[in-house]
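The values are calculated or read from the model by the stated rules, or taken from the named source; none is laboratory data. As the structure is a computational prediction, the values presented were derived from the model and not from experiment. Cβ sites come from the backbone with ideal geometry, for glycine too, and all protein chains shown count toward neighbours. In case anyone asks, the SASA skips ligands and DNA or RNA and just uses the protein heavy atoms, side chains included. Shrake-Rupley method; radii C 1.70, N 1.55, O 1.52, S 1.80 Å.
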Amino acid sequence: MTDQHLKFLFDDRVHIETASLIDSLESRLGPRASLAQVAMALAQLSTEQPSGDAASGLPPSRSDGASALQAFLQVMDYLPVGVCVVDGSFRIRIFNRMARMLLGFPDSLFANGLPPFRNLLHFNAQRGEYGPGDPDVLADQIMDKARKMEPHHFERKRPDGRVLDIRGEPLPGGGFVTIWTDVTEKATVQEKLALRNRELEAAQQQLVQSEKLASIGQLAAGVAHEINNPIGYVHSNIGTLRTYIADLMQLLDAYEALPESASLQALRQKIDVDFLREDIPSLIHESQEGITRVKKIVQDLKDFSRVDSSQEWQTADLHQGIDSTLNIVNNEIKYKADVVKEYGQLPPVECLPSQLNQVFMNLLVNAAHAMGAQRGCITIRTGTQGDKVWLEFEDNGSGIPPELQTKIFDPFFTTKPVGKGTGLGLSLSYGIVQKHHGEITVRSEVGKGTVFRIVLPTVQAQDAQVTETPHA
């Protein structure tokens, strides 16, 4: 706006003419007129009033409201919002400078004044605003929608990244008014806030899940401890019973060397002593083997949960942790896949053992679930890499599509059916590995399988230990 225009806005004569303009608007509009109605009335007045000396840019000299109206229209051209008023014949009556800037219309479109509304639609169609297709057909389709316009309010992100708040309202006599407001900064803040809320929600869910796992670990360790006592004396008693049975068998052998009466021979045949001599040792052996397996499961439960040890950083044998975890999840794996261990030489690793066991369990269960109808194979490899150790869990299951591989560590992301997975397993695993100052990566090919690789330092930095050690 020129200095002459600005001086014109503060001319006393204009103030008088402004009152005349307001009187003219009040005669056209009721006391509850909407912004759209006011804008349209201004546009109608602009066509009824003389336009003044266009070459000089000065306002008209008549004092019948035209000067004040021209000032209003010039101010509207510098409003911080885009304004467009289209009449019932789809002629553009107002299209201010901000609207052109927000929508990216070049000045050349307005070189000869306000263009027909369809010209703007055709220009948008040519630059792909409405998608692929013939620009004339697309422009006609948008025109048809504009004729049926209803009040609307929504946000739209333009190709240049700008976010616009768009409000539209049809006019009583036909046509419509549209207002565009640049809310890019607000939308960016809201997007960041939404992202932070999602991160907080994920962290909360992970904390809840971790607490659940800790509670389950405590329960498992408690049950294991309670089972361990009766299993211990049953195991001991079976060993003693084996010795007693051996002594009784020696006594029976001695009796068999003596002459037998007819009744004793009949009793011998009735109870089938020969069968008992063969079957009793087998029964005792099978019972002792079963008790030994139960003892191993109980010990693995205790090793897996590590509740009997404080949650402090400690050196641990990762192979023992993997073996304990395999025994715990054996029921998930044994019907679906064979497990192949290709262990290298690993030094003791400073870690939180129960948390790493949780990572192993998540990867092994996921590998089992990735198997199809055919029985598969899960291969576990370990080795060293400088002052670090690495572990790989490979399966020959269904694999992960490339477009999903960047999302699998996101909280709540899962490829399993609804109700079959929480989407937190790999997210928790990622967090645990990060806590150990390590890294976890994935390689996968659809139809061939997946490899998860974990790299961990053998010794943790002092600050990590301080962070994880509970206060007394």
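The candidates Cys84, Cys377, arranged from most to least accessible area with a 1.4 Å probe in the full protein assembly, appear as Cys377, Cys84. For the stretch 114-210, a simple Cβ point-charge model (Lys and Arg +1, Asp and Glu -1, everything else neutral) yields a dipole of about 100 debye relative to the Cα centre. Under the simplified labelling scheme, the Gln385-Gln269 pair shows an inter-label distance of 7.6 nm, with each label point 7 Å from Cα along Cα→Cβ. Which pairs break 26 Å Cα to Cα here: Lys296/Lys388; Lys296/Lys334; Lys145/Lys186; Lys388/Lys448; Lys148/Lys192; Lys336/Lys388? Lys296/Lys388; Lys145/Lys186; Lys388/Lys448; Lys148/Lys192; Lys336/Lys388, as the Cα separations exceed 26 Å there. Rolling a 1.4 Å probe over the protein heavy atoms leaves Met98 with an accessible area of roughly 50 Å². Spatially, the stretch 248-267 and the stretch 154-169 are offset by 102 Å when compared through their Cα centroids.
For the stretch 142-199, the alpha carbon convex hull comes to 105 Å³ per residue, rounded to a whole number. A probe of 1.4 angstrom, applied to the heavy atoms of all protein chains, finds Thr384 with accessible area near 80 square angstrom. If you sort His319, His436, His285 by accessible surface, 1.4 Å probe, largest first, the order is His285, His319, His436. Accessible surface area normalised per residue over the stretch 323-363 is 44 Å², counting heavy atoms of protein chains with a 1.4 Å rolling probe.
Placing a label point 7 Å from the Cα of Lys192 along the Cα-to-Cβ line, no residue of the stretch 138-165 has its backbone N under 15 Å from it.
Take the alpha carbon gyration tensor of the stretch 75-160, find the square roots of its eigenvalues, order them as a ≥ b ≥ c, and report rounded if a/c is under 1.5; if not, report prolate when a/b exceeds b/c, else oblate. In terms of gyration-tensor shape, rounded. Computed from the C-beta positions of Arg242 and Glu445 and an R0 of 60 Å, the FRET efficiency is 0.65 to the nearest 0.05. Dipole magnitude for the stretch 83-141: computed about the Cα centre from +1 point charges on Lys and Arg Cβ and -1 point charges on Asp and Glu Cβ, it is near 280 debye.
Each of Trp390, Trp313 has its accessible area taken with a 1.4 Å probe; listed largest first, they run Trp390, Trp313.
Per-peptide packing, taken as the mean over residues of other Cβ atoms within 10 Å, places 184-194, 391-401 in the sequence 391-401, 184-194 from highest down. Estimated from the Cβ-Cβ distance and a Förster radius of 56 angstrom, the FRET efficiency linking Val365 and Ser261 is about 0.30.
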